[in-house]
Amino acid sequence: VIRPALFETPGANPHPDLLPRQVVEIQLDALRRSDPSDDGIAVAYRFASAMNQMHTGPLSRFGAMLKSDDYATLLDHIGVEFGPTVDLDSRSYVPVVVTNDAGVSTAFIWVLSRSKTNPCGDCWMTDAVIPAGSLDRIRFA
């Protein structure tokens, strides 16, 4: 599959043409390829909403959070399974299950909304990534 340069990491940046699942795919791909310089973490951080960055930043703190037990499966994972994207009100919810090289799978729910501020007004940005256990436990009203 040929992917446009817009969607490739590490140079990926938010863009109004990206759909919520594409944003999640870019972030996951960046985190999967993260190296000791944390370039992949920096790509994921660029797609965090202003509110998310306010609560998880700066980048060094965001990186430490991703390396914690709750989120470490996202780094260097070997498999991803997507659940159905659900749009409620002004948010989009993208459930995923990532599997690491030890065969451990962890579910997460990405919560995204459209940015209303620059530098990328009207871009889908990640408000939160919530550890969720397994996909069977995820229910939407």
Gyration tensor verdict on segment 57-100 (Cα atoms; rounded if a/c is under 1.5, prolate if a/b is larger than b/c, oblate otherwise): oblate
Residues of segment 24-42 with amide N under 19 Å of a point placed 7 Å along Cα→Cβ from H55: 24
Difference of contour (0.36 nm per residue) and Cα-Cα distance, M65 to D89: 5.8 nm
Nonlocal amide H pairs with T126, under 5 Å, H built at 1.01 Å: A48, S49
Cα gyration tensor, segment 61-141 - rounded (a/c under 1.5), prolate or oblate: oblate
Relative contact order %, segment 1-124, counting alpha carbon pairs below 8 Å whose residues are six or more apart: 23 percent
Candidate residues I78, I109: accessible-area rank, largest first, probe 1.4 Å: I78, I109
For segment 18-69: rounded, prolate or oblate by the Cα gyration tensor [a/c cutoff 1.5]: oblate
Gap separating the Cα centres of segment 108-130 and segment 7-86, nearest whole Å: 12 Å
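The values are calculated or read from the model by the stated rules, or taken from the named source; none is laboratory data. Just so we're clear, the structure is a prediction, and the values are computed from it rather than from any experiment. Methodologically, a virtual Cβ is constructed for each residue, glycine included, from the backbone with ideal geometry; neighbour enumeration extends over all protein chains shown. The protein model used for the area step is the full one, side chains on, heavy atoms only, and it has no ligands, DNA or RNA in it. Shrake-Rupley method; radii C 1.70, N 1.55, O 1.52, S 1.80 Å.
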